[in-house]
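Engineer: One structure coming up, written as structure tokens, with questions to follow.
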Amino acid sequence: MNTTPYPSKYASPKGIFTVGKTRFKWYDLALDLSEISKQDLNDAQICIENADENFQDTNDLGFIIMHRCGEHYLLLVCTWRSENELWESVYYNGSGKFEIWDRIPPHLPTYCVWEMGIVYHESRAWKKYLGTTKDEDDKNNYLNDIFEGEV
């Protein structure tokens, strides 16, 4: 019987990232957060700013997980579309730049055990927001309700 614990990763909030009318909470996720370089962060932000989803013109709230997976990243861009369903676009930088991960099969991977800690927190924060008047103060309260720690 294997009793070796599965390794933990660490989630760290990095502030609010605004793309046009959409505001995202930004999370870095890694075994070692210092391995997420400024250049990789910049490349990820440029990818989102130029995404086909056109976050520029959508007045939305959401969150981003920049997950360092070995030498590469998964970039999970999630929005609520002002409803109770989480919408997601996934990018991968395996070619050296961030590109959409074109997922065709009907049964797809979603969140790994590390990402789930952030998604769980965000689900609870969004549910709390849905019970408000959704004015600007309520939006700011959602954006300031962040997760940080071991997952």
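The values are calculated or read from the model by the stated rules, or taken from the named source; none is laboratory data. This one's a predicted model, so the numbers in the text were calculated from it and none came from an experiment. Using ideal geometry, Cβ is built from the backbone for each residue, glycine included, and neighbour counts are taken over all protein chains shown. Ligands, DNA and RNA are stripped out before the accessible areas are found, and what is left, the full protein with its side chains, is counted by its heavy atoms. Shrake-Rupley method; radii C 1.70, N 1.55, O 1.52, S 1.80 Å.
Engineer: Picking from I46, T133, L86, whose Cα lies most toward the positive end of the charge dipole for region 1-136 (charges on Cβ: Lys, Arg +1; Asp, Glu -1)?
Structural biologist: So the residue we want is T133.
Engineer: Based on the alpha-carbon gyration tensor of region 72-151 and its eigenvalue square roots a ≥ b ≥ c, which shape applies: rounded if a/c is under 1.5, prolate if not and a/b is larger than b/c, or oblate? Provide the component values of the computation, followed by the final result.
Structural biologist: Numbers: a/c = 2.10, a/b = 1.81, b/c = 1.16.
The shape class here is prolate.
Engineer: Note the listed values (i) 51, 35, 35; (ii) 42, 38, 28; (iii) 40, 31, 28, then indicate which one is Cα extents along the principal axes in Å calculated from this particular structure.
Structural biologist: Of the listed options (i) 51, 35, 35; (ii) 42, 38, 28; (iii) 40, 31, 28, (i) comes from this structure.
Engineer: Of the listed pairs K38/K134; K97/K127; K97/K134; K38/K97, which have alpha-carbon separations greater than 25 Å here?
Structural biologist: Details: K38/K134 34 Å; K97/K127 34 Å; K97/K134 36 Å; K38/K97 14 Å.
Too far apart for the 25 Å limit: K38/K134; K97/K127; K97/K134.
Engineer: Still on this structure: If I compute solvent accessible area with a 1.4 Å probe over the protein chains, what percent of it on the chain is carbon and sulfur?
Structural biologist: On the way: 4470 of 8890 Å².
Carbon with sulfur: 50 percent of the solvent-accessible area.
Engineer: Here's something else I'd like to know. Students sometimes get this wrong: rank W26, W114 by accessible area, probe 1.4 Å, all chains present, largest first. Mind dumping the intermediate values first?
Structural biologist: On the way: W26 5, W114 35 Å².
From most accessible down to least: W114, W26.
Engineer: Hey, another quick one. Per residue, how large is the accessible surface of the chain? Use a 1.4 angstrom probe and give square angstrom. List each step's numbers first, then the result.
Structural biologist: On the way: 8890 Å² over 151 residues.
The answer is 59 Å² per residue.
Engineer: Once you mark the trypsin sites (Lys or Arg not before Pro) that are in a DSSP loop and have at most 16 other Cβ atoms within 10 Å, what is the longest gap between them in the chain? All intermediate terms of the calculation are to be shown ahead of the outcome.
Structural biologist: Numbers: sites that count: K21, R81, K97, R103, K134.
Counting at most 16 other Cβ atoms within 10 Å as exposed, the longest clean stretch of the chain is 22-80.
Engineer: Rounded to the nearest 500 deg cm²/dmol, what is the calculated helix-only ellipticity per residue at 222 nm for the chain, with -39500 (n - 2.57) per DSSP H run of length n ≥ 4? Walk me through the numbers on the way to the answer.
Structural biologist: Values: 3 runs with 39 residues, N = 151.
After summing the helix terms and dividing by residue count, I get -8000 deg cm²/dmol.
Engineer: Would you mind working out the magnitude of the charge dipole of the chain relative to its Cα centre, with +1 at each Lys and Arg C-beta and -1 at each Asp and Glu C-beta, to the nearest 20 Debye?
Structural biologist: Values: 15 positive and 25 negative charges, 50 e Å.
My answer is approximately 240 debye.
Engineer: Below 8 Å between Cα atoms, with a sequence gap of 6+, how large is the relative contact order for the chain in percent? Present the calculation step by step, with values, prior to reporting the outcome.
Structural biologist: Details: 231 pairs, mean separation 35.8, N = 151.
It rounds to 24 percent for the chain.
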